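Working notes for the structure below.
Every number here is computed from the coordinates shown, using simple stated rules; none is lab data. Since the model is a prediction, treat every value here as computed from it, not as a measurement. Counting neighbours? That spans all protein chains shown, and the Cβs are built from the backbone with ideal geometry, glycine included.
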Amino acid sequence: MEKNILLKFDSQKLYLGFEAAVLGAVPVVRSIEQSILPAKVKSIYGIFNGTTNYIISQMYGNKISFQESLNQAIKNGFAEQDSSADLSGKDATHKLVLLSNLSFGNKFSFSDINYDGIENIKLIDLEQGLKLGYKLKLVSLTERHSNSKFYSSVAPCFVPENSLIAKTDFEENVITLEGDDFIKTSLVGKGAGGYPTATSIISDLKRYAAQNQYQGVFQYNYSSMSKAKYLNRSDRKRPYYLRMSVLNKVGVLKSIAQIFAQKSISIKSIIQLNTSNEKTVPIIIISDPVGVDKINLVTQNLKKTSFLKKEISVIRIEEDIG
């Protein structure tokens, strides 16, 4: 459906303004169109949804659960009664598609991008991440790799706590572009609320009024843009954070290590958390960089064991962005 709409706009040479549809008051579309060549962009990443960022920030600031924070966001006007598109990561993914088309000059489709939301994040993981030097954010990113293939995803990730993306809180959005001829360009601004949206709509109207000739939806005719080819997800390796609760008995840690070893995954560290429960113990494992396919297999194998007593929290660690 998205392709048909874009093709119709191009075939009839109609102007499509979508500044307000991406990052609210952040003038990202205008900045990319005026200053950046798509062939030079290596990666774009950031926070593309103000609602989820507000919820996560409230969890950190007030030490409350996801549900409590969602209720506050609805009460304060930063989330709708039905916020499923925001919470699932779907909204951020649609924005990533638009910005990836514009930034790289290739055709990206919603159906090709893997996305996860924040519905299952727990306060304990936010707190433990801070102790390890990370903050959790719903990260949207697209990278161009050396083989001209792309990696795109939207997912809750741990990022370095001193990074710009970690310091972007509440309803603010941020986007960073990295390229060959420029080191890093970042834009930060309000991503949710009536005023930021209205500001961007006015910006689109001004750009339309100033246009002398049709330039295409993404500065090119959409029909002439080549379809993005994607990197195999398993080829992109990153560390992972895993938290689980297991039986407190001899041999459990050895069994866990064996499950990781069977998939050729090295464990960087194992942390045992304090607990008043004598029967079970919560532990955190940080893996060395590994593909998501192997982490998924490890998770599946752990769930089959008799010593695992609760669901496993799995969070990707993005150490090089921010």
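About its Cα centre, the dipole of region 2-231 is roughly 580 debye, where the only charges are +1 on Lys and Arg Cβ and -1 on Asp and Glu Cβ. Values of log10 I(q)/I(0) for the chain across q = 0.07, 0.09, 0.14 Å⁻¹ run -0.31, -0.51, -1.11, by the Debye formula with one identical scatterer at each alpha carbon and no solvent.
Dipole size of region 234-317 about its Cα centre, with +1 on Lys/Arg Cβ and -1 on Asp/Glu Cβ: approximately 80 debye, rounded to the nearest 20. What are the aspartates and glutamates whose alpha-carbon lies under 15 Å from the alpha-carbon of Lys122, with same-chain residues fewer than 8 places away excluded? Here the aspartates and glutamates satisfying the reach criterion relative to Lys122 are Glu68, Glu311. For region 1-133, the Kirkwood hydrodynamic radius from C-alpha pairs, put into Stokes-Einstein at 4 °C and a viscosity of 1.567 mPa s, yields a diffusion coefficient of 77 µm² per second.
Each listed q (0.15, 0.21 Å⁻¹) maps to a log10 I(q)/I(0) for region 145-187, found by the Debye formula over equal Cα scatterers with no solvent: -0.53, -0.96.
Over all distinct Cα-Cα pairs of region 70-212, the Kirkwood formula returns a hydrodynamic radius of 17.1 Å. Of Ile64, Ile44, the sequence from fewest to most neighbouring Cβ atoms within 10 angstrom is Ile64, Ile44.
Here the label points at Phe110 and Lys304, each 7 Å from Cα along the C-beta direction, are separated by 3.7 nm in the simple model. Radius of gyration over Kirkwood radius for region 234-317, both on Cα atoms: the Rg/Rh ratio is 0.95. For region 145-183, list residues with backbone N below 14 Å from a point placed 7 Å from the Cα of Asp235 toward its Cβ? Zone members listed by number: 145-152.
Each of Phe182, Val298, Thr93 was placed along the dipole of the chain (beta-carbon charges, centred on the mean Cα), and the one lying farthest toward the positive end is Val298. Of all aspartates and glutamates in the structure, those lying under 12 Å Cα to Cα from Lys227, and not within fewer than 8 positions of it along the same chain, are Asp112.
Remark: relative contact order (region 40-180) = 40 percent; criterion is Cα-Cα distance under 8 angstrom and separation of 6 or more residues. When the trypsin sites (Lys or Arg not before Pro) in region 58-94 are filtered for DSSP coil states and for at most 14 other beta-carbon atoms within 10 Å of their beta-carbon, the remaining sites are Lys63. Sites listed here are GluC sites (Glu not before Pro) in region 52-157 whose DSSP assignment is loop and whose Cβ has at most 16 other Cβ atoms within 10 Å: Glu80, Glu119. In terms of Cα to Cα distance under 16 Å, which lysines are near enough to Lys237, apart from those fewer than 8 places away along the same chain? Filter leaves Lys149, Lys263, Lys268, Lys294. Helical content of the chain, expressed as a calculated mean residue ellipticity at 222 nm, amounts to -10500 deg cm²/dmol (DSSP H runs of 4 or more residues, -39,500 (n - 2.57) each, divided by residue number, nearest 500). What's the angle, to the nearest 10 degrees (0 to 90), between helix 2-11's Cα axis and the longest principal axis of the chain? Helix 2-11 sits roughly 20 degrees off the main axis of the chain. Computed extension gain for His145 through Leu130, at 0.36 nm per residue and net of the alpha carbon distance, reaches 2.4 nm. The equivalent ellipsoid of region 84-148 has semi-axes of 27, 16, 8 Å, largest first, where each one is the square root of 5 times an eigenvalue of the Cα gyration tensor.
Relative contact order, whole percent, for the chain stands at 23, derived from Cα pairs under 8 Å and 6 or more residues apart.
Rounded to the nearest 0.05, the FRET efficiency derived from the C-beta distance between Asn248 and Glu68 at R0 = 41 Å is 0.85. Pairs of Lys residues in region 1-113, spaced 8 or more positions apart or belonging to different chains, with C-alpha separations under 30 angstrom: 29 in total.
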